[in-house]
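Beneath this line is the structure, given in structure tokens, with notes to follow.
Derivation of every value follows stated rules applied to the coordinates shown; laboratory data play no part. Predicted model only: the values in this text are computed from it and were never measured. Reconstructed Cβ throughout: ideal geometry from the backbone, glycine too, with neighbour counts over all protein chains shown.
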Amino acid sequence: MIGNKVSENPDLRILGVLTVSDIQAFLLRKEKNIRTINDLKGKKIGVTPNTSAEYALETVLYFNQISLKNVKIVNDIPSKLNERFISGELDAILMWEPNIYRTLSKIGDNGFILNDINMPLIYQTLSGKKANLEEKKEAVERFVKALDQAEKFLNSNPEQSKLIIKSRISSTSEYIEYVWSKHQFNLSLPQNFLILLENQLKWSNLKKNPSIKKIPHLLNYFDFSFLESVDRKKIMIIR
């Protein structure tokens with residue numbers, strides 16, 4: 001989770017967001033009679049702790065006025081959660097791709113995704129250590145410009161891009177097609193990313209040490225110069 005990385009690495013600098021992805025979801029079992037978010041009350045929900053999924057779970061429950069006391073949280077690693085969900089031990093899990101796709105493939109018609117939930121998005125970022133970025137500034141600038149060109153190619157040539165990706169990674173055409181629309185390829189720095197970062201840090205501090213009220217000044221963890229060299233309009237963060 002990017003919020004934890006920022007707090008644990010004061011030399012980290014964020015250069016940009018590569019993709020914004022809607023790849024987290026509640027996976028449910030049909031026989032458990034869960035059709036809405038409120039039906040999760042009293043149910044066993046699996047999640048991996050200290051991840052974006054745990055943050056998403058607690059955030060979604062909070063905004064739907066469901067106390068953590070009214071659900072049974074089960075913590076485990078993704079592979080074990082998938083096994084326990086498929087076996088029927090867990091009523092629901094909050095998971096991310098490609099685990100969702102793999103689990104649905106195994107459980108068949110008995111599993112489904114809970115839709116109409118305002119789930120926090122995943123921001124996949126480009127970052128580096130301050131000293132390294134300063135030492136290799138020209139190389140990093142060229143790399144960021146290459147990423148911008150790649151993004152434009154992806155968005156202009158989706159079918160060709162899918163074939164290229166399939167040839168480079170061990171994945172099926174079916175999965176690539178399934179997950180493609182869940183990603184927005186847009187090299188940028190949106191204001192919503194900064195808001196999410198702030199909220200994740202506040203949440204993380206609250207879990208680790210409730211006495212910590214302040215979070216670091218997050219703008220100090222950004223290096224805007226590289227994205228500015230590509231297109232200043234890509235930076236939407238208010239400074």
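Any idea how far the Cα center of the range 15-71 sits from the one of the range 145-193, in Å?
About 26 Å separates the Cα centre of the range 15-71 from the one of the range 145-193.
Any idea what the relative contact order of the range 24-113 is, in percent, if you count C-alpha pairs under 8 Å spaced at least 6 apart? Kindly include the intermediate steps, with their values, before the conclusion.
Working: 127 pairs, mean separation 41.9, N = 90.
Worked out over the range 24-113, it gives 47 percent.
How long is the gain from LEU219 to ILE66 if the chain were fully straight, where each residue apart is worth 0.36 nm and the alpha carbon distance is subtracted?
Once the chain is fully extended between LEU219 and ILE66, it gains 51.8 nm.
Between rounded, prolate and oblate, where does the chain land on the alpha carbon gyration tensor, with a ≥ b ≥ c its root eigenvalues, rounded for a/c under 1.5, else prolate if a/b exceeds b/c?
Oblate, because a/c is 1.5 or more while a/b does not exceed b/c.
Quick one: if you stick a label point 7 Å off each Cα along the C-beta vector at PHE112 and ILE164, how many nm between them?
It works out to 3.8 nm between the two label points.
For the pair ILE176 and GLU8, what calculated FRET efficiency results from E = 1/(1 + (r/R0)^6), where r is the Cβ-Cβ distance and R0 = 25 Å, to the nearest 0.05?
Between GLU8 and ILE176 the formula returns 0.15.
In deg cm²/dmol, rounded to 500, what helix-only [θ] at 222 nm does the chain give when every DSSP H run of at least 4 residues adds -39500 (n - 2.57) and the total is split over its residues? Don't jump to the answer; show the numbers that get you there.
On the way: 10 runs with 105 residues, N = 239.
Helix-only estimate at 222 nm: -13000 deg cm²/dmol.
Just to confirm a number: summing +1 for Lys and Arg and -1 for Asp and Glu over residues other than PHE85 whose beta-carbon lies under 13 angstrom from that of PHE85, what do you get?
Numbers: positive: ARG29, LYS30, LYS32, LYS43, LYS44, LYS80, ARG84, ARG102, LYS106; negative: GLU31, ASP76, GLU83, GLU89, ASP91.
Cβ neighbours under 13 Å give a net charge of +4.
Answer rounded, prolate or oblate for the range 77-126, using the Cα gyration tensor with square roots of eigenvalues a ≥ b ≥ c: rounded when a/c is under 1.5, else prolate when a/b is larger than b/c, else oblate.
Since a/c reaches 1.5 and a/b is larger than b/c, the shape of the range 77-126 is classed as prolate.
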